[in-house]
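S.K.: Submitted below is the structure of interest, expressed as C-alpha cells.
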Amino acid sequence: MKFNVFILFFLTTSFLFSQKTDEKIFSKKLNEERSFSIITPTSYANDPEKKYPLLVLLDGEYLTDPFNGILKYGNYWDDLPEMIIISINQNYGKTRFRDSEYGEDGLPAKSGAKFFEFIGFELLPFVQSKYRTLPFRIIAGHDTTGGFLNFYLYKDDPIFNAFISLSPEIAPMMENRITDRLAKIQKPVFYYLATSTADLKEIQENTKKIDDVLKETKNPNLSYRYDVFKNSSHYSLVAEAIPSALYFIFNGYQPISKLEFNDKILKLESGYTQYLIDKYENIEKKIGLKIQPRYTDFKAIEAAILKNKAYSELEILASYADKQYPKTMLGAYQRGLYFEKIGQFKRAAKEYQKGFTQSEVGDLTKDYILKRAEALQGKKDKEIEEPKPVDEPNPKTE
C-alpha cells in the first residue's frame, strides 16, 4: 500500500505542473522575517477570474509535495478542486517547536502565541490581498504542528473551515477543549484526525479519547472522520492519511460515480433533477465554489429517469440544462426525449430540429440529433387521454 502511494505521487507530479512562488514578509508579531511558499494550481494563470480555496500547510518543507501531488491527481480526474497552497517553512533549528509553544494551561504561549497571531493577522491577509482566494480554508499539520492547529478551534468563529490533524501531539487539556468546541461549533467544520497502530502510544491514547467523544457528537455543523492505519509508523501514516483527509473533506465534489448512481439515485422514487441541483448547490455552499454541473452528471440523471420510466422529469431536467448549458442542444435534446417517450413524436422531432441549430456538447452532435428527428418521420402521435372529470364533493349537511 505505502509503495503504491509513493509511486502514485511521483507519477502524478510528472505530468502536472503548478507554479511555486517563494515569499517573505516581516512579521511584527514575531519581530522577524518569515519565509513561505505559495503554490498556485495549473489553471491560475489562464483563468484570471477564478478564485480558489486555501490550504495552509504547517511543516511545509515535507508536507507540501505529498499534499500537492494528491491534489493534482484528484483534480486530473475531477475528484478534488484546485487549491492555493500556503507552505510555511518551519523545519530549521527549533522553529517548529517555538512556533507551537504552549503554557502549563495548555494555551499558546510566548512564541507560540505570536505565531498563532502571525497566521491569522499577517499571513492570511497578505495572501488574500495578493492572490485570488475563496473564504474556504484548510489547515494541516503533523505531530507537533498537528496538535498546534487545534488552537484555532478554541475561537468562537474559527478562521479555518477544515482541520487535518495528523498524529498530533496534544497539549494539556486539549482533548477536552477540542471535543467541547466541536460539540458546540456554530459554523460548518470538517475535522480529520489520524493515527496508526504503530504510532506513539501517547498519541494513540489521546486521539482515541477525542474519538470516543466526537463519534457520539450530534452537532449537524460537524463533519468528522478518524482513521487508525494498520502497521504504519508515526511518519509513514502521513502518506495514507493525506488522500483520506482530502477525499473526506471534498466528499460530494466528485462526478456521479457508479456507486452513487446505483445506491442513491436509482433508488429515488422522484426528484432526480432536484438531486442534481442539490449536489451542486451543496458544493457552492460547502466551499464557496460555483461550478457548472458536469455534462456526465446530466447524462447520469437522464439514465436514471429512463430506467425508472419517470419521463415527466425529463422536462424538468431540460429546463435545468437550458440554464446551465445555454446555446447548446442539451435542453432541446432532453425535451425531445421527453416527448418521444410519451408518444408525441411531432413535438419530439421539432425539439430535435431545434437542437440541430444549437451548439454541440459532450457526445451530442448535430448528426446524432438530426438522425433522431428523422427516425420519427411518419410516426403517428399517441392519443393523450383526457383526465376524467372529478366529481365535486357534496356539500356537508348539518
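Just so it is clear, none of the values below were taken in a lab; they were calculated from the coordinates. If you're wondering where the values come from, they're calculated on a predicted model, not measured in any experiment. Backbone-built Cβ (ideal geometry, glycine too); neighbour counts: all protein chains shown.
S.K.: For the chain, give the share of DSSP beta bridges that are antiparallel, in percent and rounded to the nearest 5; count only bridges with both residues there. Present the calculation step by step, with values, prior to reporting the outcome.
M.R.: Values: 15 of 43 bridges.
Percentage antiparallel, nearest 5: 35.
S.K.: Does the stretch 177-219 classify as rounded, prolate or oblate by the C-alpha gyration tensor (a ≥ b ≥ c root eigenvalues; a/c under 1.5 gives rounded; else a/b over b/c gives prolate, otherwise oblate)?
M.R.: Judged from the Cα gyration tensor, the stretch 177-219 comes out prolate (a/c at least 1.5, a/b above b/c).
S.K.: Starting from 0.36 nm per residue, how many nanometres of slack lie between Y311 and R98 once their C-alpha separation is accounted for?
M.R.: Stretched out fully, the Y311 to R98 stretch lengthens by 70.3 nm.
S.K.: Run the dipole for the stretch 2-249 about the Cα centre, Lys and Arg Cβ at +1, Asp and Glu Cβ at -1, nothing else charged, and hand back the magnitude in debye, nearest 20.
M.R.: It comes to approximately 340 debye.
S.K.: Would you mind classifying the stretch 258-375 by shape? Square roots of the alpha carbon gyration tensor eigenvalues, ordered a ≥ b ≥ c; an a/c under 1.5 is rounded, otherwise it is prolate if a/b is larger than b/c and oblate if not.
M.R.: Here the stretch 258-375 falls in the oblate category.
S.K.: Using the structure shown, select from K94/K114; K24/K130; K50/K155 the pairs with a Cα to Cα distance greater than 21 angstrom.
M.R.: K50/K155
S.K.: Then there's this: Could you state the number of Å between the C-alpha centres of the stretch 17-36 and the stretch 78-119?
M.R.: 13
S.K.: For the stretch 2-249, what does the alpha-carbon gyration tensor say about shape, rounded, prolate or oblate, given a ≥ b ≥ c as the root eigenvalues, a/c under 1.5 as rounded, and a/b over b/c as prolate?
M.R.: Because its axes are fairly even, with a/c under 1.5, the stretch 2-249 counts as rounded.
S.K.: Counting helices only, and only those DSSP H runs with n ≥ 4, report the 222 nm mean residue ellipticity of the chain as the sum of -39,500 (n - 2.57) divided by its residues, in deg cm²/dmol to the nearest 500.
M.R.: The per-residue figure over the chain is -13000 deg cm²/dmol.
S.K.: Specify which residue in the list P220, G60, F163 is farthest towards the positive end of the charge dipole of the stretch 2-249, using unit charges on the beta carbon of Lys, Arg (+1) and Asp, Glu (-1), about the Cα centre.
M.R.: Positive-end residue among those listed: P220.
S.K.: Determine which lysines satisfy two conditions relative to K279: a Cα distance under 19 Å, and not lying fewer than 8 residues away in the same chain.
M.R.: K258, K264, K267, K290, K299, K323
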